[in-house]
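Worksheet: the structure to be examined is printed underneath.
The values are calculated or read from the model by the stated rules, or taken from the named source; none is laboratory data. Predicted model, so just to flag it, every value in this text is computed and none were measured. Cβ placement follows ideal geometry from the backbone for every residue including glycine, while neighbour counts extend to all protein chains displayed.
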Amino acid sequence: MIDKFIFDTSSTAADLGKKLKEANSDNIRSNAKIKISITVLANFSTQFLVNSIYTCLAFNDIDADIYEASFDQWEFELNNPESETFRRSSDFTLILLSSIRLVSGPNHDATQFSENLKRLLTRYKRKSRSEIVLVLPESIREGFDQTSFFYRSVSDYRKALQNKLNGFAHFVDIDPLIMEFGFQKWHPAKFLMSAKFCCHPNCFPLYGNYLANFIQSLIRRPTRLVIIDLDNTLWQGVVGELGWHGVGLDRDADGYPYLMLQNYLLSLKKAGVLLAICSKNSFQDAKDVFDHRREMILKFDDFVAHEINWAPKSENIKKILNDLNLTSTGIMFLDDSKFEREEVKSALPEIIVPDLPQDAAVWCEYLSRSGYLTIAKFNEEDLNKSDMYIAEKKRKEDAWKHADYSEFLRSLDLQITAESVNPQNFDRVFELIHKTNQFNLTMRRITRGELESLAASANAFCYCYRLKDKYSDYGIISVFIAKKESKDWEINTWLMSCRTIGRGVEERIFDNFVSTKLSDGDTVTGKYVASDKNKLVENLLGKIGFTDELKTGARTFTVGKCQNPMAGHIRLSQSV
């Protein structure tokens, strides 16, 4: 397993300099699969921190273009629409407000401070597509006494910021990082006064690594499926030898570390990480532990796949991935046996296989430190992800029972609900616009302000669509936006979750737009904007009845002359 933390508490500013030089080499930069932009706004000097963030992202195949605002100019940058922060509109805006400078300032009204920051960010986000990452004010050594001014002041700032900016920003708490260093190493006063640093220069390499992993997890989840062994991994002992009643699950004794791991895994499942079982065992012996031991925190139904047999684990992992239609990217395998780990590493080198320590009591700490299980955000869809995969498995099983695919589609009882973009669904719509690639006709990434304007315009059709069938509720799966230009319409944005393709959903969505906004003779223009990821929709417009391409590259659909294949098996309703 590649270590996502290239620095640790023993790293120095000199080590950062060496790694930065390596990160800037053609060898590292040529491997970058993702390019992002970051704006850093802080109330302390950030040059070491910025270098560390850049370096750590580079070693994880991300090329980051970082704008570092001048010392303590964060408020000016957010106040000035002509500033570089506004002009760049970076993918991520990182705001770092150290407690060292906050509590030493003249104003300690945390609520007023947070309201002002919210006002600034509200205006900024209307003009920007940027995601805000706010590092919460950190605990300081002067606050050792919890009744002191220092402790209460930092606590007030943290609470007020989290209360006022909930939904505006992703919060990062660096207190666990400071605990790792210790206050004495983190906070030498001479660097605070002479260099305007928030910590010792030797703390910046790991600090930047900590933030880089958080930013990376906003771009792509390091782990999306954890495949887990059972014996001596989820419980102590071998169930085939001890029986279901004999395996160790006593939380006050031998079962403690295994129950801690189960709690950790369950929290990941609730945040959208899939769980699967891969165990060399008798199926019934293993199932009996789940059925009869009330101490089990994880239940059998928490797992989307179960391969419990005596085949090589690499073969069973391949079967799990095939059944779930997943690649090996972002897959973690947990097993106490070094032999089994090495067998999987050899056969499936892209799989993340942590070398779990011999002492099970430190497994959760080890995994937490690895960075592979960092989850910076999750949404309503993530909460139901396991249920969605289980439902998809049932759909596939059901499909085999129908000789005719159209008959199978009718049996699903597909229902679409059309909703105008509104404050309740706005964040989810904006997220889909900026993360959907495969089924995305125009690849247009509009700002929040542009989306707000389109949603409020009488000359725009700005809708999202929910989908459900007899097995599950998919949630919001599509966004369709069109603008009226003179008397004709033009498709601005059309995207959809690729897991719903091939069921007639796209035809039904387009029909909803046509029947809602167009009359006989009216025309809508659409254009496929090619990228390296959206070839899936290259023929979408032709498929739903648009004419051949014109010289401009656009295609047209005229009501009464063109025909969209109707997906009559899908019911559509309009949300009030």
Counted residues, region 441-465 - those being at pLDDT 95 or above and closer than 20 Å to Glu381 by Cβ: 3
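To keep it simple, each residue is scored yes or no on (1) closer than 27 Å to Tyr366 by Cα; (2) without any contact (Cβ under 8 Å) to a residue 24 or more places away in the chain; (3) not in a loop (DSSP other than H, G, I, E, B).
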| position | (1), (2), (3) |
| --- | --- |
| Phe7 | yes, no, no |
| Phe44 | no, no, no |
| Cys56 | yes, no, yes |
| Asp72 | no, no, no |
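Scan Leu206, Leu211, Leu259 and give me the residue that is in the same structural domain as Gly371 (by TED's automatic domain parsing), modelled with pLDDT of 95 or more and either within 28 Å of Glu350 (Cα to Cα) or in a helix (DSSP H, G or I) (or both). Full working, then the answer.
Values: Leu206 fails: in the same structural domain as Gly371 (by TED's automatic domain parsing); Leu211 fails: in the same structural domain as Gly371 (by TED's automatic domain parsing).
Among Leu206, Leu211, Leu259, only Leu259 is in the same structural domain as Gly371 (by TED's automatic domain parsing), modelled with pLDDT of 95 or more and either within 28 Å of Glu350 (Cα to Cα) or in a helix (DSSP H, G or I) (or both).
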Pairs where the first residue, in region 304-325, is small (Gly, Ala, Ser) and the second is not in a helix (DSSP H, G or I), C-beta under 6 Å, 6+ apart: Ala305/Ala276; Ser314/Leu348
Conditions (1) surrounded by 18 or more Cβ atoms within 10 Å (Cβ to Cβ); (2) in contact with a helix residue (DSSP H, G or I) (Cβ under 7 Å, 6 or more places away or on another chain); number of the one not met by Cys364: (1)
Per-region count, region 1-29, residues at pLDDT below 90 and assigned by TED's automatic domain parsing to the domain that holds Asn51: 5
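Please tell me if Val559 is in the same structural domain as Ala418 (by TED's automatic domain parsing), farther than 21 Å from Asn440 by Cβ, out of contact with any Lys or Arg (no Cβ under 6 Å at 6 or more places or on another chain) and in contact (Cβ under 8 Å) with a residue 40 or more places away in the chain.
Answer is yes for this residue.
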Any hit, region 309-321, residues being in contact with a helix residue (DSSP H, G or I) (Cβ under 7 Å, 6 or more places away or on another chain), of a type in the set (A, V, I, L, M, F, W, C), within 20 Å of Glu392 (Cβ to Cβ) and part of a loop (DSSP other than H, G, I, E, B): no
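Residue under question is Val273, and the condition is that it be over 35 Å from the mean Cα position of the chain (by Cα) and crowded, with 21+ Cβ neighbours inside 10 Å; does it hold? I'd like the intermediate steps shown before the answer.
Values: over 35 Å from the mean Cα position of the chain (by Cα): no; crowded, with 21+ Cβ neighbours inside 10 Å: yes.
Answer is no for this residue.
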Residue in region 24-39 that is touching a residue at least 12 places away in the same chain (Cβ under 8 Å) and in a helix (DSSP H, G or I) present: yes
Helices (runs of 4 or more DSSP H) wholly inside region 381-460 that include at least 2 residues being in contact with a Ser or Thr (Cβ under 8 Å, 6 or more places away or on another chain), surrounded by fewer than 16 Cβ atoms within 10 Å (Cβ to Cβ) and outside the structural domain of Ile132 (by TED's automatic domain parsing): 385-399
Index of the failed condition, His434 passing every other in (1) within 18 Å of the chain's Cα centre (by Cα); (2) under 25 Å from Tyr528 (Cα atoms); (3) modelled with pLDDT of 90 or more; (4) of a type outside the set (Lys, Arg): (3)
Odd one out for Leu454 among (1) of a type outside the set (Ser, Thr, Tyr); (2) under 20 Å from Ile390 (Cβ atoms); (3) touching a strand residue (DSSP E or B) at 6+ places or on another chain (Cβ under 6 Å): (2)
Evaluation of Gly521 against (1) surrounded by 11 or more Cβ atoms within 10 Å (Cβ to Cβ); (2) at pLDDT 90 or above; (3) part of a loop (DSSP other than H, G, I, E, B) (one fails), failing number: (1)
Test set (1) in contact with a Phe, Trp or Tyr (Cβ under 9 Å, 6 or more places away or on another chain); (2) under 13 Å from Leu572 (Cα atoms); (3) assigned to a helix (DSSP H, G or I); (4) not hydrophobic (A, V, I, L, M, F, W, C) - Tyr465 fails condition number: (3)
Single unsatisfied condition, Arg466 versus (1) closer than 21 Å to Arg508 by Cα; (2) in contact with a helix residue (DSSP H, G or I) (Cβ under 9 Å, 6 or more places away or on another chain); (3) touching a residue at least 12 places away in the same chain (Cβ under 8 Å): (2)
Close pairs from region 472-499: first on the phi > 0 side of the Ramachandran plot and in a strand (DSSP E or B), partner at pLDDT 90 or above and buried (at least 23 other Cβ atoms within 10 Å of the Cβ), Cβ under 8 Å, at least 6 apart: Gly475/Leu467
